[in-house]
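So the structure is just underneath, and the comments pick up after that.
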Amino acid sequence: MLLAGVLAAAPLPLAAQQGSRRSEQDQARDAVRDGRLAPLSQVLSALSARTPGEHLDTRFSETTDGRPVYLVTWRTPDNRVVIFVVDARTGRVLEQRGD
């Protein structure tokens, strides 16, 4: 499945994760500014309209075939945690996983 491929990467040491996350954010910000990616605010607004709840976290990643994605962690009103895999170019939800 798509999410399994995205999440299958081996964990990095904490310092590397923090540096990597900063780099991911910089890359995503530059791509949004250049019009290559959908703004995260637009993605979160669309998710909020489709699925009531609370945004917990977002990570920028790529699928195994190189497609940029937002991994959005969301908590529903009944306290279920859902992860949305969202195409970062179009803002379309590719997959939804959760309890």
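Summary table below
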| read-out | value |
| --- | --- |
| Inter-residue pairs, beta-carbon under 6 Å, first over 14 Å from Arg59 (Cβ atoms) and without any contact (Cβ under 8 Å) to a residue 24 or more places away in the chain and in the range 72-99, second surrounded by 15 or more Cβ atoms within 10 Å (Cβ to Cβ) and aromatic (Phe, Trp, Tyr), 6+ apart | Gln96/Phe84 |
| Leu40 vs. criteria within 12 Å of the chain's Cα centre (by Cα) and crowded, with 16+ Cβ neighbours inside 10 Å | yes |
| Residue count for the range 86-99, restricted to those that are closer than 18 Å to Val32 by Cβ and touching a helix residue (DSSP H, G or I) at 6+ places or on another chain (Cβ under 6 Å) | 2 |
| Test set (1) among the acidic types (Asp, Glu); (2) exposed (fewer than 12 other Cβ atoms within 10 Å of the Cβ); (3) under 12 Å from the mean Cα position of the chain (by Cα) - Glu95 fails condition number | (2) |
| Conditions (1) at pLDDT below 75; (2) in contact with a His (Cβ under 9 Å, 6 or more places away or on another chain); (3) among the small types (Gly, Ala, Ser); number of the one not met by Gly19 | (2) |
| Meets criteria (surrounded by 19 or more Cβ atoms within 10 Å (Cβ to Cβ), at pLDDT 90 or above and out of contact with any Ser or Thr (no Cβ under 6 Å at 6 or more places or on another chain)) for Phe60 | no |
| Any hit, the range 34-43, residues being small (Gly, Ala, Ser), modelled with pLDDT of 90 or more and out of contact with any His (no Cβ under 7 Å at 6 or more places or on another chain) | yes |
| Lone unmet requirement of (1) polar (S, T, N, Q); (2) crowded, with 17+ Cβ neighbours inside 10 Å; (3) in contact with a His (Cβ under 8 Å, 6 or more places away or on another chain) for Ser48 | (2) |
| Among the candidates Asp78, Asp34, Asp57, residue that is among the charged types (D, E, K, R) and over 21 Å from Ser23 (Cβ atoms) | Asp78 |
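The values are calculated or read from the model by the stated rules, or taken from the named source; none is laboratory data. Quick caveat, the model's predicted, so the values are computed rather than measured. Because the Cβ atoms are built from the backbone with ideal geometry, glycine has one as well, and the counts that use them run over all protein chains shown.
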